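Quick notes on the structure that follows.
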Amino acid sequence: MPTITQPYQTLLHTCEDGVATITLNRPAQRNALDMVMREELAHAVDAIRRDREVRVVILGGAGGAFCAGGDIGTMDADPSAEHARERMVRLLFTVEALITLDRPVIAKVDGAAYGAGLGLALTADLVLATPRARFCLSFLRLGAIPDCGTLYTLPRIVGLQRAKELAYSAREFNAEEARDMGIVLDILPPERIDAHARQIALAMAGLPAGALSTTKRGLNASLNSDLHTMMELEASGQGVARSSPYHREAVGRFLAKQATRYQWPRS
C-alpha cells in the first residue's frame, strides 16, 4: 500500500468557503486510477468525512478528461482472484464513502468517464458535463464486470433495462444522451462548468447542514425502504430541521414578504 503524503502525487485537493474540491490529476493517463490514486482518493475522502467545515464536495478531472477508468497497465502484477478482489474492495470502500457522504457531491465531467470513471461520476448527487463528455460502461470489452458501484447506482438512475443495455453493449454515449437518461443534470461549455459547479456548491454550503444531510440520507434510502419508514424519517427529521435558527429566519423573511436567502444558480 503506498504511503500517503501531502501534497498528493495524483490529486489536487483544496477547501475554501466550505467547498472541498478533489481533482484527479494524471492528465497524461486521462486520470486513470492507478494504485497510488486509489489510496490518495481514499485518504482525501476520509479527510473530508471527518472535516465538519466541509459542506459540499466537487469532484473533477484535470487535462480534459474526468477518468478513463482503471489503469490497465497496473492490473497484471498479480492475476489471482484473491488479489483482484482485495484491490477492488479497497476502491469500493471509497465509492461507498462518497455515495453515503452526508454532504452533497457534485461531479464535473469533461472528456472521458469510462468504466470506473463512470462509476465515480455516479457517486455524485449532481453530475454536470461539457459537450466533450463521453461515457462508457466499458467493462465487458475487457472481459470484466461493471464495478465502482455501477451495479448499484446505474439501474437506480436509468432503470434496469437501460442499465443492462449499457452494460451488455459497452457502447460510448455522449453528454446529451446521458442527460436524457438522467445521468447528467446540465451540459455547460468547458469554460463555464467550473464556475457553475462552484456557484451551486456555494449556494448549498449556505444551507443548514442538518436539513441538507437528512434530505440526502432520506432520498438515498427511499428506493430501498417502505412508506412507513420514510414517513418516520420525515417526521423526526422535520422536527429537528424546524428547530434551527435558519428555519426561523426563513419563516420570518417569508412572513415579511422578503426574498429568500437561498437561490439556486441558473445554468
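The set of residues in the range 51-73 that are in contact with a strand residue (DSSP E or B) (Cβ under 9 Å, 6 or more places away or on another chain) and at pLDDT below 80 contains only 71. The single condition from (1) over 30 Å from residue 194 (Cβ atoms); (2) over 25 Å from the mean Cα position of the chain (by Cα); (3) of a type in the set (D, E, K, R) that residue 261 fails is (1).
Being on the phi < 0 side of the Ramachandran plot, open to solvent by 70 Å² or more (accessible area, probe 1.4 Å) and touching a Cys at 6+ places or on another chain (Cβ under 8 Å) holds for only one residue in 82, 53, and it is 53. If you go through the range 24-50 and pick out every residue that is outside any helix (DSSP H, G or I) and either modelled with pLDDT under 95 or surrounded by 21 or more Cβ atoms within 10 Å (Cβ to Cβ) (or both), you end up with 7.
Suppose the filter is under 20 Å from residue 28 (Cβ atoms), part of a helix (DSSP H, G or I) and of a type in the set (Gly, Ala, Ser); does residue 117 pass it? Judged against the criteria, residue 117 is a match.
Name the residue, out of 227, 212, 160, 188, that is touching a residue at least 60 places away in the same chain (Cβ under 8 Å) and either open to solvent by 30 Å² or more (accessible area, probe 1.4 Å) or of a type in the set (Val, Ile, Thr) (or both). One residue alone meets the criteria, 212.
The values are calculated or read from the model by the stated rules, or taken from the named source; none is laboratory data. Predicted model only: the values in this text are computed from it and were never measured. Note that each Cβ is placed from the backbone with ideal geometry, even for glycine, and that neighbours are counted across all protein chains shown. Surface accessibility is based on the protein's heavy atoms, side chains included, excluding ligands, DNA and RNA. Shrake-Rupley method; radii C 1.70, N 1.55, O 1.52, S 1.80 Å.
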